[in-house]
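The values are calculated or read from the model by the stated rules, or taken from the named source; none is laboratory data. Predicted model, so just to flag it, every value in this text is computed and none were measured. Reconstructed Cβ throughout: ideal geometry from the backbone, glycine too, with neighbour counts over all protein chains shown.
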Amino acid sequence: MGDASEPALGSLSAGTPEPAPMTGSPLEINESQAGTQTLLRGLAIIEACANGARDMRAFAAALGTTRSTTHRLVSSLVQARYLRHGPNGYLLGPKLIELGTISLEQMPLTAVARPHLERLSEATLDTIHLGVRDGDDVLYIDKIAGTRGLEMRSRVGHRMTLASTGIGKALMLDLSPQTWGVLYDAARRALESVRFDHDARPDKPMFLQKMVRYSAGGYSFDLEENEPSIRCVAAPIRDASGTIIAAVSVASTIPYMPLERMDELVPIVQREARAISEELGWVAPGARRIKR
């Protein structure tokens, strides 16, 4: 813990320049960046703590700095409430919770997602949807109509059953097979009175088999299961905790959505879904939060 003589984070001073980190250190700062050196080191300590560092030795190893410099930086972060010290060592502090809450309030999902939906629209010319789960349904919270002269019955504020739509199945990818089955049954009940001339809806064993494949691949398809002649490709959007909170889809009619094109669209839809997720704080497994 730092004492009252330690500077707060907002007034950290580089002081006497420390020797440059060893080659290959996680923190690489050239001489032209000397003015930001202390700030970057402070951020690197926060990330190291998030990744499991709990004491001065671990922080010093992560930064490649001396013990005295590490102690000065850590003490300042504690005083500023970015870190806290407890029986198990240093942990992330309450200031980060406050800032994270404000950050989420300033980045509503639709505002963050919209540029990515527009990019998908321009790239595919098809109808783009953004949806979230609402009980057994998917609730559409944004839509960009396609430019092929086709119009779908979906609209912002519209609900459809999760298990009968591609975007809904993307929202289900992390759920258990048992829950998949429950939601399948709910969709069947909801669509019981709906009759298709060509019924493409799978039976329960086939549905569960497809969900296993979709879950492993991180995408989902709608193969005319919700609306005749309509197909779509969808992918999940995750928040900072890794939880699926929304999904995005590209939809069109069969002439524009042969199975070959659907396969080609999977990485394109996934790319934009990942980009939205990253803006919401999600980090892919193995990725680093701060480039140093």
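For the range 157-168, indicate whether the set of residues that are farther than 17 Å from PHE221 by Cα, touching a helix residue (DSSP H, G or I) at 6+ places or on another chain (Cβ under 9 Å), of a type outside the set (Lys, Arg) and free of Cβ contacts under 8 Å to residues at least 24 places away in the same chain is non-empty. Walk me through it before giving the result.
Residues of the range 157-168 farther than 17 Å from PHE221 by Cα: 157-159.
With the extra rule that they be touching a helix residue (DSSP H, G or I) at 6+ places or on another chain (Cβ under 9 Å), the set shrinks to none.
Scanning the range 157-168, I find no residue that is farther than 17 Å from PHE221 by Cα, touching a helix residue (DSSP H, G or I) at 6+ places or on another chain (Cβ under 9 Å), of a type outside the set (Lys, Arg) and free of Cβ contacts under 8 Å to residues at least 24 places away in the same chain, so the answer is no.
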Of the residues in the range 70-103, those that are without any contact (Cβ under 8 Å) to a residue 12 or more places away in the chain and basic (Lys, Arg) come to ARG84
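May I ask you to list the residues in the range 130-151 that are more than 20 Å from the chain's Cα centre (by Cα) and either surrounded by 19 or more Cβ atoms within 10 Å (Cβ to Cβ) or among the β-branched types (Val, Ile, Thr) (or both)? Step through it out loud before you land on a result.
Within the range 130-151, the first condition is being more than 20 Å from the chain's Cα centre (by Cα), and the residues that meet it are 135-137, 144-151.
Scanning the range 130-151 gives ASP137, ILE144, GLY146, THR147.
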Selection from the range 210-240 of residues of a type in the set (Gly, Ala, Ser), in contact (Cβ under 8 Å) with a residue 12 or more places away in the chain and either on the phi < 0 side of the Ramachandran plot or not in a loop (DSSP other than H, G, I, E, B) (or both) yields SER215, GLY217, SER220, ALA234, ALA235, ALA240
Note to self: Going residue by residue through the range 65-80, is there one that turns out to be among the hydrophobic types (A, V, I, L, M, F, W, C) and under 30 Å from ILE141 (Cβ atoms)?
What the structure shows: no
Residue count, the range 100-124, condition over 18 Å from the mean Cα position of the chain (by Cα) and either farther than 17 Å from ALA235 by Cβ or loosely packed, with under 11 Cβ neighbours inside 10 Å (or both), comes to 1
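For GLU224, state whether it is over 8 Å from the mean Cα position of the chain (by Cα), surrounded by 15 or more Cβ atoms within 10 Å (Cβ to Cβ) and modelled with pLDDT under 95. Break it down into steps so the answer makes sense when it comes.
On the way: over 8 Å from the mean Cα position of the chain (by Cα): yes; surrounded by 15 or more Cβ atoms within 10 Å (Cβ to Cβ): yes; modelled with pLDDT under 95: yes.
Taking the combined requirement at face value, the residue satisfies it.
For the condition modelled with pLDDT of 55 or more, within 26 Å of ALA240 (Cα to Cα) and either among the hydroxyl-bearing types (Ser, Thr, Tyr) or in a helix (DSSP H, G or I) (or both), what is the one hit in LEU91, LEU40? Reasoning before the result, please.
Details: LEU91 fails: either among the hydroxyl-bearing types (Ser, Thr, Tyr) or in a helix (DSSP H, G or I) (or both).
Only one candidate passes the filter, namely LEU40.
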Being under 24 Å from MET152 (Cα atoms), in the same structural domain as ALA113 (by TED's automatic domain parsing) and of a type in the set (Lys, Arg) narrows ARG189, ARG274 down to just ARG189
